[in-house]
Amino acid sequence: MPAEITLVLVRHAIAEERGSAWPDDDERPLSRDGEKKWKRGAKGLATVLPEVDLLLCSPLRRTRQTADVLAPALATPARVELFDALRPETRPTAVIAALKTRRVHGVVVLIGHDPMLPQLAATLLHLEGPLEFRKGGALALVTQGLGARGPSRLEWFVTPRMLRALAG
């Protein structure tokens with residue numbers, strides 16, 4: 001039987017609005033308010049996360065910034081690795097296949113985007129449709145072999161406001 005893996009899915013924090021200021025959406029950064037709120041949210045997330053074995057994020061700027069705030073907030077700071085499969089347009093099955101090539105184990109944090117993260121959660125939990133993820137929100141699920149058999153188990157699902165409250 002494959003070992004249990006805990007996947008923590010985090011949607012990037014609030015970013016600048018799409019538009020002419022950011023013609024390349026890959027380079028759209030977090031907003032000042034988004035970064036401020038996420039600093040508290042990351043502290044809150046760190047209170048519920050056990051040690052993190054791997055922290056992966058999409059290569060887009062706003063997810064990298066979200067990861068760069070979270071990594072040092074953790075009890076044992078994690079190294080951030082870019083993971084192309086976490087781009088917004090990636091299908092959940094492609095994300096799962098890419099994770100299998102990494103031979104992930106333990107607790108893995110994935111920082112990504114809508115619609116990919118809600119679809120990935122729904123696929124792993126065997127739900128009919130995607131979950132609604134707020135920017136800066138997170139969920140943890142436990143899976144055996146990345147969904148190879150049966151649904152994963154939802155451990156928790158928290159809003160950004162809840163994470164900031166956990167920060168104290």
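The values are calculated or read from the model by the stated rules, or taken from the named source; none is laboratory data. Just so we're clear, the structure is a prediction, and the values are computed from it rather than from any experiment. Counting neighbours? That spans all protein chains shown, and the Cβs are built from the backbone with ideal geometry, glycine included.
Restricting to region 16-37, what's the tally of residues that are polar (S, T, N, Q) and either at pLDDT 95 or above or within 19 Å of the chain's Cα centre (by Cα) (or both)?
1
Of the residues screened, Leu110 is one that is at pLDDT 95 or above, closer than 26 Å to Ala167 by Cβ and either outside any strand (DSSP E or B) or touching a strand residue (DSSP E or B) at 6+ places or on another chain (Cβ under 6 Å) (or both).
Within region 84-100, is even one residue out of contact with any helix residue (DSSP H, G or I) (no Cβ under 9 Å at 6 or more places or on another chain), within 22 Å of Leu30 (Cα to Cα) and part of a loop (DSSP other than H, G, I, E, B)? No, every residue in region 84-100 fails to be out of contact with any helix residue (DSSP H, G or I) (no Cβ under 9 Å at 6 or more places or on another chain), within 22 Å of Leu30 (Cα to Cα) and part of a loop (DSSP other than H, G, I, E, B).
One line per residue, one yes/no per condition, for (1) in a strand (DSSP E or B); (2) touching a Phe, Trp or Tyr at 6+ places or on another chain (Cβ under 6 Å); (3) small (Gly, Ala, Ser); (4) at pLDDT 95 or above:
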residue: Ala122; (1), (2), (3), (4): no, no, yes, no
residue: Gly129; (1), (2), (3), (4): no, no, yes, no
residue: Leu146; (1), (2), (3), (4): no, no, no, no
residue: Pro151; (1), (2), (3), (4): no, no, no, no
residue: Arg164; (1), (2), (3), (4): no, no, no, yes
residue: Gly168; (1), (2), (3), (4): no, no, yes, no
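For the residues Ala42, Ala13, Ala46, the requirement of being closer than 26 Å to Leu154 by Cβ and either touching a Phe, Trp or Tyr at 6+ places or on another chain (Cβ under 6 Å) or at pLDDT below 95 (or both) singles out Ala13.
Kindly check whether there is at least one residue in region 59-70 that is of a type in the set (Ser, Thr, Tyr) and within 12 Å of the chain's Cα centre (by Cα). Yes, region 59-70 contains at least one residue that is of a type in the set (Ser, Thr, Tyr) and within 12 Å of the chain's Cα centre (by Cα).
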